[in-house]
1. Being within 10 Å of residue 41 (Cβ to Cβ) and not polar (S, T, N, Q) is the filter here; which residues of the stretch 63-76 pass it?
2. Within the stretch 154-172, is even one residue under 30 Å from residue 264 (Cβ atoms), open to solvent by 40 Å² or more (accessible area, probe 1.4 Å) and either assigned to a helix (DSSP H, G or I) or out of contact with any helix residue (DSSP H, G or I) (no Cβ under 9 Å at 6 or more places or on another chain) (or both)?
3. Please give the helices (runs of 4 or more DSSP H) falling wholly within the stretch 182-296 in which 3 or more residues are charged (D, E, K, R) and open to solvent by 40 Å² or more (accessible area, probe 1.4 Å).
4. Hydrophobic (A, V, I, L, M, F, W, C), modelled with pLDDT of 85 or more and open to solvent by 10 Å² or more (accessible area, probe 1.4 Å): which single residue out of 126, 95 fits that description?
5. With respect to residue 67, is the statement that it is surrounded by fewer than 19 Cβ atoms within 10 Å (Cβ to Cβ) and acidic (Asp, Glu) true?
6. Looking at (1) at pLDDT 80 or above; (2) basic (Lys, Arg); (3) more than 18 Å from residue 101 (Cα to Cα), which one does residue 139 not meet, given that it meets all the others?
7. Do the conditions hold for residue 81, that is, is it open to solvent by 50 Å² or more (accessible area, probe 1.4 Å), of a type in the set (A, V, I, L, M) and touching a Gly at 6+ places or on another chain (Cβ under 9 Å)?
8. Failed condition for residue 120, given (1) open to solvent by 70 Å² or more (accessible area, probe 1.4 Å); (2) at pLDDT 75 or above, with all others met?
Amino acid sequence: MRRFGSFAAQCGGPAGLAGVLIVTVLVTVAVFAPVIAPFDPLQVSILDKLNTPDNIFWFGTDQSGRDVLSRVIWGSRASLMVAAGAVMIGLAVALPIGLVAGFYSGGWFEQATMRVLEAVSAIPTLIWGIALVGIFGVRSAVWGPFTITNEEKLLGLLGLLYVPTLARLTYASAVIESRTNYVAARRLQGAGGLRIMFSDVLPNCLSPLIVQATLLLAIGIVIEAAISFVGLGVQPPTPSWGNMLASAREYLLSGEWWLSVFPGAAISLTVIGFNLLGDGLRDRLDPRHTTSGITT
């Protein structure tokens, strides 16, 4: 019990531990989907059309006789790929922008950058995502020898939409860190601005960014599902939690409850897991702010 309590404390408390477990299971399922899924998610069997959950098809089958459990398992791949890829792109672009604007605050670059980011942030990310995907279309883009799938376009666009949030957070932390005594001491030692920025200021800005990135993963899951739900994301027959819910709309009143319950539960559990993980990381990285009732 002591070891379990110690591990829970390392995760930021019981909430953080629950988040770690949920996210670990989700990532494991997504990575090993070809091994875990009992059936081919694209295999059509009209004879097994709309079977209720039983000992063969644990989550039942859909209107084409495809195993819902297998499609839920494979659908986790699309959701995680879009969410994780978008966060990595957002961090890669936002970190240098926010860091430079915060470290050299007071100049024209700070004013221009922050005003643009504030203007983009005024429109909700989901609205931006639907609008941009609608503009660029749902077909794969072919640029010379390169083919960009709709999922890759979606994660790229979503990653750029994450830039304002992450850049502003980096900027706020960099402004505070750049005015501390240790930065002044480093300047007196003769260290250059770039060296101070990346070796001293940046490491102290990472804690809030890690927490925010975790929460953005949950937002990315929801946005991917929403965009796929309206037909602008992952395209059928490739399984996605969003397009599975879209297909289940026709059967909401006819009794085939499993078509919407299981993909919906997968989205809910995943979002809860990432939110709990974010709360745990916040408690762990910033002991002054606790959400789980346990201080570290």
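1. 66, 67, 68, 69, 71, 72, 73, 74, 75
2. yes
3. Result: 258-285.
4. On the way: 126 fails: modelled with pLDDT of 85 or more.
Residue meeting the stated conditions: 95.
5. It is false that residue 67 is surrounded by fewer than 19 Cβ atoms within 10 Å (Cβ to Cβ) and acidic (Asp, Glu).
6. Going through (1) at pLDDT 80 or above; (2) basic (Lys, Arg); (3) more than 18 Å from residue 101 (Cα to Cα) one by one, residue 139 breaks only (1).
7. Working: open to solvent by 50 Å² or more (accessible area, probe 1.4 Å): yes; of a type in the set (A, V, I, L, M): yes; touching a Gly at 6+ places or on another chain (Cβ under 9 Å): no.
Judged against the criteria, residue 81 is not a match.
8. Every listed condition holds for residue 120 apart from (1).
The values are calculated or read from the model by the stated rules, or taken from the named source; none is laboratory data. Just so we're clear, the structure is a prediction, and the values are computed from it rather than from any experiment. Using ideal geometry, Cβ is built from the backbone for each residue, glycine included, and neighbour counts are taken over all protein chains shown. For accessibility, only protein heavy atoms count, side chains too; no ligands or nucleic acids. Shrake-Rupley method; radii C 1.70, N 1.55, O 1.52, S 1.80 Å.
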